[in-house]
1. Under a Cβ-Cβ cut-off of 15 Å, what is the net charge of the residues other than CYS73 that fall near it, where Lys and Arg count +1 and Asp and Glu count -1?
2. Sort LYS54, LYS112 by Cβ crowding within 10 Å, fewest neighbours at the top.
3. Can you tell me the Rg and the Dmax, both Å, for the Cα atoms in the range 69-159?
4. Counting other beta carbons within 10 Å of each Cβ, put HIS59, HIS122, HIS90 in order, fewest first.
5. Check which residues have an amide H placed less than 5 Å from VAL77's amide H, if you skip close sequence neighbours.
Amino acid sequence: VKMWTYLERSYLPQNISQVLWEIVSIGFCPPLHAQTHTHKHCLTTVVCMIAGKKLRLFHFLFEMLEDPGMAHCVSWVSASVGVFRFSARHKERVAELWGQRKGNRMPMTYQKMSRALRNYAHSGEIIKVKKKLTYQFSVATLSTLQSQHGIKKAACGLK
């Protein structure tokens with residue numbers, strides 16, 4: 001946490017992508033998957049921490065869906081309309097990673113994470129699809145996620 005104060009005071013500013021990559025390069029954000037080299041998942045976390053916002057589950061899920069190394073855990077059914085499905089075998093792994101990302105002391109379970117998904121359904125951000133372990137981002141949420149993800153990729157030179 002002291003590092004954030006230093007970063008906020010010393011360089012926040014002119015070139016946010018430089019700050020983000022310096023944070024990644026000092027090893028603050030390990031990749032979600034051993035074969036992932038881009039550290040894309042860190043960007044949302046860092047931007048949210050700097051902006052004082054909490055990372056939300058649907059941002060995390062979108063990042064996982066965009067990471068080919070995580071396709072065995074959660075994958076697109078139809079990316080164009082925002083439909084995705086958790087792997088029955090690896091859904092607990094997604095929850096575990098989400099708990100780690102949030103900094104929880106106690107392990108996150110799929111049951112607890114699915115409660116958050118149901119809350120998103122009440123707010124209209126995610127829709128439960130009738131198939132087992134399948135959800136859909138609302139049109140507005142999907143549009144926001146796609147535009148934010150594109151901006152982050154462009155700012156950091158990612159493809």
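1. 0
2. By the 10 Å Cβ count, ascending, the order reads LYS54, LYS112.
3. In Å, with Rg to one decimal and Dmax whole: 14.0, 38.
4. On the way: HIS59 22, HIS122 8, HIS90 16.
With the fewest neighbours first, HIS59, HIS122, HIS90 line up as HIS122, HIS90, HIS59.
5. Amide H neighbours of VAL77: VAL83, PHE84, ARG85.
Every number here is computed from the coordinates shown, using simple stated rules; none is lab data. Note that the coordinates shown come from a computational prediction; the quantities given were computed from them, not determined experimentally. As a convention, Cβ positions derive from the backbone with ideal geometry for all residues, glycine included, and neighbour counts pool all protein chains shown.
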